[in-house]
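For reference, the structure is listed below as structure tokens.
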Amino acid sequence: MSKICRLGFIVNPIAGMGGAVGLKGTDGEEILRKAIMLGAKPIAPKRAKEFLSELKPLKDKIHLITAAGVMGEEEALECNFNPEILGVKKEKTTAEDTKEAAKKMVSMEVDLLVFCGGDGTARDILDVVDMKIPVLGVPTGVKMHSAVFAVNPKAAARIAIRFLWGELPLKEAEVMDVDEEAFRMGRVSARLYGYMMIPYEADLVQGAKAPSPISEDEEENKYAIAKYVVEMMEPNTIYILGPGTTTKPIADILKLEKTLLGVDLVCNGKLLASDVNEQKIIEAISGRKAKIIVTPIGGQGFIFGRGNQQISPKVIRMVGKENIIVIATKSKIRSLKNLRVDTGDSELDEELKGFIRVIIDYGEEMVVKVK
């Protein structure tokens, strides 16, 4: 191919920092300060470099246009690109900087704008881009309810390459976001903000998060699963109970308070700690036998890497793949082609891929592929 493709690239450097420390997002200065105080480390730069590294063999065919400093320039230079830089380098960036960079890229008519961030960043991009140019998200946030994201950075690179080379169609995709304050209080208040055009390849793009259906059969199914899990619980074993309406009935049966959107620790039928972050989990399970109980995200299939980043790669390795328990109702598992992982550690993701047993009812399991 002789044409040089124009690729816009924007990084939200703080996206995802609230995940491992249990803050469920980093929207707002106060939450960012709290995340840093709790020891949060930047996630987006590493994910941005993973994306760019996949493009390196084709960099002579790509004219990379990126925002200054920590918003893309630094990652591009580290990956040996020679980018065109927009704006000036800043130590502290804001949503307005994201919007300004996106506005310039729209006026330059880039072939594709790739951004690294979460739902908040997607909303910032939407405010400026709307349907003017194609967009693709590299997932680096905490929530990521929107359908504008690739399933991981490598998938984003594959989509970008195939689209720029004229091999993929465009599709309208939802930009969703939740009220983070309500989210921290255990209430999901999700809202559709609009649509953007994304390059589409079904296996590499995540769907919008689907809410759990509310029906008598669904609730009975959840409690049947929970009863079976509780009966199988081993003594002196710490159970790391992931977020979700499917895991909550386990706590209900044990007569314990479950944080709906947080991670809780249970041992011998008692609540050890609620709404824990990565560090508290590590401290609790060090030298102890532990198991992880998670349920896939509806409509997306992720069991790790979306909304439960407290269960980090370090935690998963300490617990061991053999001690991961996945639960899902029959309706949820029927709606998913497969399960997914995006832990932020590509080696661990590969280790977790394959087939896993999923508890779908009392005494009933199903073997499902993890991609």
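Which one is surrounded by the most Cβ atoms within 10 Å (Cβ to Cβ) among residues in the stretch 284-322 that are assigned to a helix (DSSP H, G or I) and either outside the structural domain of residue 268 (by TED's automatic domain parsing) or charged (D, E, K, R) (or both)?
In this case the residue turns out to be 314.
Checking residue 365 against (1) within 24 Å of residue 220 (Cα to Cα); (2) at pLDDT 95 or above; (3) in a loop (DSSP other than H, G, I, E, B), only one condition comes out false. Which one?
(3)
Sort out which residues of the stretch 193-234 are among the small types (Gly, Ala, Ser), farther than 19 Å from residue 326 by Cβ and in contact (Cβ under 8 Å) with a residue 12 or more places away in the chain, and write them in order of number.
Residues satisfying the conditions are 194, 208.
Per-residue answers, yes or no, for (1) without any contact (Cβ under 8 Å) to a residue 24 or more places away in the chain; (2) of a type outside the set (Gly, Ala, Ser):
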position	(1), (2)
78	no, yes
87	yes, no
92	yes, yes
108	no, yes
120	no, no
153	no, yes
157	no, no
170	no, yes
176	no, yes
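Checking the conditions here, which among 351, 347 is free of Cβ contacts under 8 Å to residues at least 12 places away in the same chain and either in a helix (DSSP H, G or I) or surrounded by fewer than 20 Cβ atoms within 10 Å (Cβ to Cβ) (or both)?
Going through 351, 347 in turn, just one is free of Cβ contacts under 8 Å to residues at least 12 places away in the same chain and either in a helix (DSSP H, G or I) or surrounded by fewer than 20 Cβ atoms within 10 Å (Cβ to Cβ) (or both): 347.
Which of the residues that make up the stretch 303-317 are modelled with pLDDT of 95 or more and closer than 12 Å to residue 341 by Cβ?
Answer for the stretch 303-317, where residues must be modelled with pLDDT of 95 or more and closer than 12 Å to residue 341 by Cβ: 303, 304, 311, 313, 316.
Residues 86, 38: which one is modelled with pLDDT of 95 or more and either more than 19 Å from residue 160 (Cα to Cα) or among the small types (Gly, Ala, Ser) (or both)?
86
In the stretch 63-85, which residues are part of a strand (DSSP E or B) and buried (at least 22 other Cβ atoms within 10 Å of the Cβ)?
64, 65, 66, 67, 72
Could you tell me which numbered condition residue 126 fails, if it satisfies all but one of (1) out of contact with any helix residue (DSSP H, G or I) (no Cβ under 8 Å at 6 or more places or on another chain); (2) at pLDDT 95 or above; (3) in a loop (DSSP other than H, G, I, E, B)?
Going through (1) out of contact with any helix residue (DSSP H, G or I) (no Cβ under 8 Å at 6 or more places or on another chain); (2) at pLDDT 95 or above; (3) in a loop (DSSP other than H, G, I, E, B) one by one, residue 126 breaks only (3).
The values are calculated or read from the model by the stated rules, or taken from the named source; none is laboratory data. None of these values were measured; they are calculated from a predicted model. Cβ sites come from the backbone with ideal geometry, for glycine too, and all protein chains shown count toward neighbours.
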